[in-house]
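Below is one structure. I have some questions about it.
None of the figures in this text is laboratory data; all of them are computed from the coordinates on show. All values derive from a computational prediction rather than experimental measurement. Here Cβ is always computed from backbone atoms with ideal geometry, including for glycine, and neighbour counts include all displayed protein chains.
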4 protein chains.
Amino acid sequence: MANLPLPKGFKGIVPPLCTPFTEDHEVDTASLERLVNFQIEGGVHGLFALGSTSETALLTDKQRATVLEVVVKTTAGRVPVLAGAIDTNTSRAIDQAQTAKQAGVSALVVTPPFYARFSQAEVIEHYRQVRAELDLPVMAYDIPVAVHLKLERATVIQMAQEGIIAGLKDSSGDEANFRGVVMERNRLGLNDFSIFTGSELIVDGAFLWGADGCVPGLGNVDPAGYARLYKLARSEDWAATRLEQERLYRLFSIINAATVGRTGPTASALGGFKTALMLRGIIATNVMGRPMTRYNQAEVERVRAILVEAGLL
Amino acid sequence: MANLPLPKGFKGIVPPLCTPFTEDHEVDTASLERLVNFQIEGGVHGLFALGSTSETALLTDKQRATVLEVVVKTTAGRVPVLAGAIDTNTSRAIDQAQTAKQAGVSALVVTPPFYARFSQAEVIEHYRQVRAELDLPVMAYDIPVAVHLKLERATVIQMAQEGIIAGLKDSSGDEANFRGVVMERNRLGLNDFSIFTGSELIVDGAFLWGADGCVPGLGNVDPAGYARLYKLARSEDWAATRLEQERLYRLFSIINAATVGRTGPTASALGGFKTALMLRGIIATNVMGRPMTRYNQAEVERVRAILVEAGLL
Amino acid sequence: MANLPLPKGFKGIVPPLCTPFTEDHEVDTASLERLVNFQIEGGVHGLFALGSTSETALLTDKQRATVLEVVVKTTAGRVPVLAGAIDTNTSRAIDQAQTAKQAGVSALVVTPPFYARFSQAEVIEHYRQVRAELDLPVMAYDIPVAVHLKLERATVIQMAQEGIIAGLKDSSGDEANFRGVVMERNRLGLNDFSIFTGSELIVDGAFLWGADGCVPGLGNVDPAGYARLYKLARSEDWAATRLEQERLYRLFSIINAATVGRTGPTASALGGFKTALMLRGIIATNVMGRPMTRYNQAEVERVRAILVEAGLL
Amino acid sequence: MANLPLPKGFKGIVPPLCTPFTEDHEVDTASLERLVNFQIEGGVHGLFALGSTSETALLTDKQRATVLEVVVKTTAGRVPVLAGAIDTNTSRAIDQAQTAKQAGVSALVVTPPFYARFSQAEVIEHYRQVRAELDLPVMAYDIPVAVHLKLERATVIQMAQEGIIAGLKDSSGDEANFRGVVMERNRLGLNDFSIFTGSELIVDGAFLWGADGCVPGLGNVDPAGYARLYKLARSEDWAATRLEQERLYRLFSIINAATVGRTGPTASALGGFKTALMLRGIIATNVMGRPMTRYNQAEVERVRAILVEAGLL
């Protein structure tokens, strides 16, 4: 089945898919298929493959291609598939984007380049060139915790006005600025420019402020919860939206079940998601990308207790 | 000619080679050959290809392979060639390392993985696995400004003791800790463990403290100067060593000739080196890796003035 | 008139009062009286003197005492008066707190100590000792941008449970954690523990999440706006709350009217408030505490234009 | 005896005096007298009271005055006494400075203001006003770890040229920039401008680069060691200077004898000095300023073992 083009003014819940591994660190395609179906059946509105939660930075190029192939094929046009094109420079990001385009994705999600240090002008040039090379919509991905550069509000708005980017995924944690971007988008009448938050614990607030959607890592574990939260927000039942978000907030404690020191911050967070998905029977292992530490048995039990309390097990 | 194995207790000046580009952003192999010869004729003791100064993060894999091929072939065994294996995870770093090994390099220089956030234990695992896969000496490359993680002293010493790494290239700017690593190396009698500083402006101090060598970005522009500095330090003529370092310090102002804002910090620094090399007739252009901004004419003139004053033009 | 005790479960809008200066940098008591009355007539629920917005760190001890005296006297028991006890160590904070108590304030607002670096355990000790010395409720003031230490969630909750603190003023900008504190407060049934946000641009969200109040610097300029926002939030008219917050967000651009470089970040923000208050006729000058730079004529005109557009002039 | 004016081009070892406390957190004047005599008999060239190592930020104004009185009186003109005037704004710093002047100190050591955020222009204004009010030489104290602002090289040089400051105490840890300040001072012929490093572990390097002196916290514990190091550096016996510095580096491990978490970074470092001084019989207790945690018995034993190994016990 043909891929789905990204709708103008794209909206909704778009989980950043975990990448399941086999015991020997290869992409576990059967688990990935189950995960894709689990998400879509949960009611999500799109899928984001090869994001930070997907451990993209932990994959080889070949593994990335495999992930995209499986996701696009399994999705089978039911929802749009967005793919990260995340790399240290423009040529490499274009290479990643071309693989994604060949796999049939609906849109690209592009971070600023990293490792070297860039000006905002250079970052705009990065997006301009990626967009010029690919005939696909591009969403800007603001994630300073990973690339150590903030996409400034003026940068985002300029790129939106010039048509370089079709949307924003904001994982900066700077909610006041996020709201400023939404307001400026509205003021300028850039109605097709989609604004998604990655702040999965205050999504009710983001929707109140006018966000179009959310990219929740925790959505992997409970896609139906985030789909419900979205529906409630759209109906402007803010009290119920808040309660659903609070339930999901409590569930989020699975990311702190690892032992600090042995495990780094990324392995702790993503390992919590993977362990929960393993316990829920969606994926086969909680293996992490090399060199990250996997949750051990004691940590798995802590996650299990949280899932039981949440009624998800 | 066969490549040179890395000598035990490797020492000296090892410039991190700039990567010259053609006007259309391809590796300018003729310029690179000239640069290699210029360095070796300047008296350096090794060459470091695909480091941060080489804009490795700005190159494609194919360009990286080209660089290594040209550098190893042009060097022709006159000095050891070290190659960066710098990537976001262990599998990718091993891929980079294998390309380097096939090109015939003498040793690898490996940063911690980046983009995701890792514990020191995970970083040790990274080095352990890279070392286990490759039959080449590995130097740890401590560069928090790029990977946003510090290689702690205990981490470096543990890896030295376990034989995972053969040396350290410290570009952290933390000189007190650097000295602590040197002292701990000496205390433990790890005599073959080579410690290089990347702090190119206080190399006289580093040699006084017991460093084995330096990896000076500025060495690209004046390799003979750093070779002279090394010789003076070895002869323990500290007053003369200091004077040579001060001359090189003044020359370093070429990295601030770019206009802040238009140009990012990396393009300003590396663009200064490239512009100076272009003006000295070693490389053909001052083109930077995409999306970085190239020095414009006014900025080139500022670099020219500094070179003239330094007697290098 | 007697001072007002802090009600249990204190709620509402509590602006952090600007400190007006005369041309020779003394506290302008007449302006301060007008400002206090302007706030109370605007409908606020309390006043916070000697906070960061009050330029407390820019005042002498004598000026601090003067401010408290004027604020308490002018307020005349109409609303509670909270006073900052902000200093580098416990003894000094207790001294500040005793001055405040003598002035007749209702409660203290205490930051962690600063300049030196402290553990969370030491910070708890700071609050414990301040609380033990004074017979006044203490609110913890989380402002890492000023004291460079974050009050961790566990620290806040422990102090709430032990009865050391009666509330929290969170100016950390970490909204996800803020919500976590609110949820943990609710889970533990600490119903009298008051949680205020200092994030004045997303207050609608904070109220949706269960915050009790807000300490908005911008409230100085438009107290009636924040009082209206509070009333709308209490009535759970979230659409109208959002619109009021958006109006106030646009007004906030007065803080960026200064020229970067000449003026530092604090003088730019607080100078914007003071200039607006001067233009609205509440205070006499826009003089800043030494050594901060005052808005110049061109900058004043920029603020004027924003106020005119906002209908506040 | 009259106080000693600061000599032009002041040079040498100037320990930042620890402030000994009694068990009830008052200044232990008898211990402080012993400490002053111990330093001067150790051969130091000046004393710095009320610096960061003195826990100035942990003292009340009254305690600060007591410290200065004791130090000036006990010193009795044998060496110059420098006093910190460290506070959050210009008026407060001037107040501190006036107390110091009345106590008879030789010079002031002034940090940038803190808590609020300032531009370099505002910082220059701070120094200009302090200098204008006091008839005493002022040294700029660059300590970003405490005040969270770096004194830029251009700022220091401008103030030196304008005669606002007589010297610099650089505790920034940025050795490359430190050297740049020294070189610029020399280039401009500002021969009376004194440059001291606070980087007590690489002082041999700093002297090689042209520093005039050092302000070593560790000097409290072993003043004779730093005096010896200074003499060796002046005689340009760099090999011996290095060995003395290495001995002192090993001794520095006393600052890591505290348990992380219970104790904050400042209490760990300064508590190590105080515990060593207590064990050496110079001061009576290792009590720290409130709310900092004091070394416990196990930690004291760790310090003792280091002192024994160093031959200082």
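Enumerate the amide H contacts of B:I195 below 5 Å, restricted to partners 5 or more residues apart or on another chain; note that Pro and chain-start residues carry no placed amide H.
B:L168, B:D212, B:G213
Report the far tail of the P(r) of the protein assembly as shown, meaning the percent of Cα-Cα pairs longer than 52 Å.
27 percent
On to the next question. Please give the length that would be gained between C:K62 and C:T22 if that part of the chain were fully extended, namely 0.36 nm times their separation in residues minus their C-alpha to C-alpha distance (nm, one decimal).
12.9 nm
Rounded, prolate or oblate, given the Cα gyration tensor of the range B:164-203, with a/c below 1.5 counting as rounded?
Note, shape of the range B:164-203 comes out prolate.
Can you give the charge dipole size of the range B:185-289 about its Cα centre, rounded to the nearest 20 debye, using +1 on the beta carbon of Lys and Arg and -1 on the beta carbon of Asp and Glu?
About 240 debye.
Next question, about the same structure. Suppose a student asked you for the relative contact order of the range C:1-132, using Cα pairs under 8 Å spaced at least 6 residues apart; what percent would you report?
Rounded, it is 26 percent for the range C:1-132.
Just how large is the dipole of the protein assembly as shown about the Cα centre, in debye to the nearest 20, putting +1 at every Lys and Arg Cβ and -1 at every Asp and Glu Cβ?
0 debye
Any idea what log10 I(q)/I(0) is at q = 0.11, 0.21 Å⁻¹ for the range C:118-235, Debye with uniform C-alpha scatterers and no solvent?
Scattering profile of the range C:118-235, log10 relative to I(0): -0.36, -1.20.
Give me, ordered by chain and number, the residues 5 or more places off C:L108 or on other chains with an amide H under 5 Å from its own placed amide H.
Result for C:L108 returns C:A83, C:V138, C:M139.
Still on this model: State the antiparallel share, in %, of DSSP beta bridges confined to the protein assembly as shown, rounding to the nearest 5.
Beta bridges within the protein assembly as shown, antiparallel portion: roughly 5 percent.
Among D:S91, D:L58, D:L17, pick out the residue whose Cα is farthest towards the positive end of the charge dipole of chain D, where Lys and Arg carry +1 and Asp and Glu carry -1 on C-beta, about the Cα centre.
The one lying farthest along the dipole's positive direction is D:L17.
If the label for C:G261 sits 7 angstrom from Cα along the Cα-to-Cβ line, what are its distances to the same label in every other copy, in nm to one decimal, shortest first?
Distances between equivalent label points, in nm: 0.7, 4.9, 4.9.
From the Cα gyration tensor of the range C:1-100, with a ≥ b ≥ c the square roots of its eigenvalues, which class applies: rounded if a/c is under 1.5, or else prolate if a/b is larger than b/c, or else oblate?
Here the range C:1-100 falls in the oblate category.
Next question, about the same structure. Out of all Cα-Cα pairs in the range D:72-144, roughly what percent, to the nearest whole number, are more than 21 Å apart?
Here the tail beyond 21 Å accounts for 24 percent of pairs.
Once phi is turned into θ = phi - 60°, what whole-Hz ³J(HN,Hα) does the Karplus curve with 6.51, -1.76 and 1.60 give for every residue of the range A:66-81, x standing for Gly and Pro?
Per-residue couplings from phi come out as 4, 4, 5, 4, 5, 5, 4, 5, 5, 5, 6, x, 5, 9, x, 10 Hz.
In deg cm²/dmol, rounded to 500, what helix-only [θ] at 222 nm does chain D give when every DSSP H run of at least 4 residues adds -39500 (n - 2.57) and the total is split over its residues?
Taken over chain D, the calculation gives -14000 deg cm²/dmol.
Continuing with this model, one more query. How long are the three semi-axes of the equivalent ellipsoid of chain A, in whole Å, if each is the root of 5 times an eigenvalue of the C-alpha gyration tensor, listed from largest down?
With the √(5λ) rule applied to chain A, the semi-axes are 28, 23, 19 Å.
If you take every DSSP beta bridge whose two residues both sit in the range B:1-159, what share of them, in percent to the nearest 5, is antiparallel?
10 percent
Let me ask something else about it. Show me, for the range D:9-16, the HN-Hα J-couplings you get by feeding each phi into the Karplus relation (A = 6.51, B = -1.76, C = 1.60, θ = phi - 60°), rounded to Hz, glycine and proline as x.
Along the range D:9-16, the couplings run x, 3, 9, x, 9, 10, x, x Hz.
If you don't mind, there's one more thing I want to ask. Measure up C:K169/D:K274; B:K8/D:K274; C:K11/C:K150; C:K274/D:K169; A:K62/B:K73 against 32 Å on the Cα-Cα distance and list the ones that go over.
Table pairs above 32 Å Cα-Cα are C:K169/D:K274; B:K8/D:K274; C:K274/D:K169.
For the pair B:Q98/B:Q297, report the inter-label distance in nm, with labels modelled 7 Å from Cα in the Cβ direction.
For the pair B:Q98/B:Q297, the computed spacing is 4.9 nm.
Which chain D residue hugs the D-C rotation axis most tightly by its Cβ, and what is that distance in angstrom, to the nearest whole number?
D:H148, 3
Next question. Out of B:A258, B:N191, B:Y230, whose Cα points farthest toward the positive end of the dipole of the range B:157-279 (charges: +1 Lys, Arg; -1 Asp, Glu; placed on Cβ)?
Sorting the options by dipole projection puts first B:A258.
May I ask you to evaluate 6.51 cos²θ - 1.76 cosθ + 1.60, the Karplus curve with θ = phi - 60°, for each residue of the range B:248-260 and list the ³J(HN,Hα) values in order in whole Hz, giving x for glycine and proline?
5, 4, 4, 4, 4, 5, 4, 7, 10, 7, 8, 7, 4
Still on this structure, I have one more. Please tell me the relative contact order of chain A in percent, rounded to the nearest whole number, where contacts are Cα pairs under 8 Å and at least six residues apart.
Relative contact order for chain A comes out at 20 percent.
Taking only C-alpha pairs under 8 Å that are 6+ residues apart, what is the relative contact order of the range B:162-313 in percent?
Reported relative contact order: 16 percent.
Enumerate the aspartates and glutamates that B:K101 could reach by cross-link, defined here as Cα to Cα under 15 Å, with residues fewer than 8 away along the same chain left out.
Answer for B:K101, where 15 Å is the Cα cut-off: B:D61, B:E69, B:E133, B:D135, listed by chain and number.
Separate question: By DSSP, what percent of the beta bridges with both residues in chain C are antiparallel, rounded to the nearest 5?
5 percent
Can you put A:E246, C:E122, A:E133 in order of Cβ neighbours within 10 angstrom, beginning with the fewest?
So the ranking, lowest neighbour count to highest, is A:E133, A:E246, C:E122.
Considering all projection directions equally, how large on average is the shadow of the alpha-carbon convex hull of the range D:240-313, in square nanometres?
So the mean shadow area of the Cα hull is 5.1 nm².
When a footprinting reagent is the concern and you count Cβ atoms within 10 Å, what order do C:D170, A:D28 take, fewest first?
A:D28, C:D170
Here is a further query. I want to verify the translational diffusion coefficient of the range B:184-313 in µm²/s; compute it with Stokes-Einstein, Rh as the Kirkwood radius over Cα pairs, at 25 °C and 0.890 mPa s.
Answer, rounded: 155 µm²/s.
Other chains' Cβ within 10 Å of A:167-176 residues: what's the mean?
For this peptide, the per-residue mean of nearby foreign Cβ atoms is 3.
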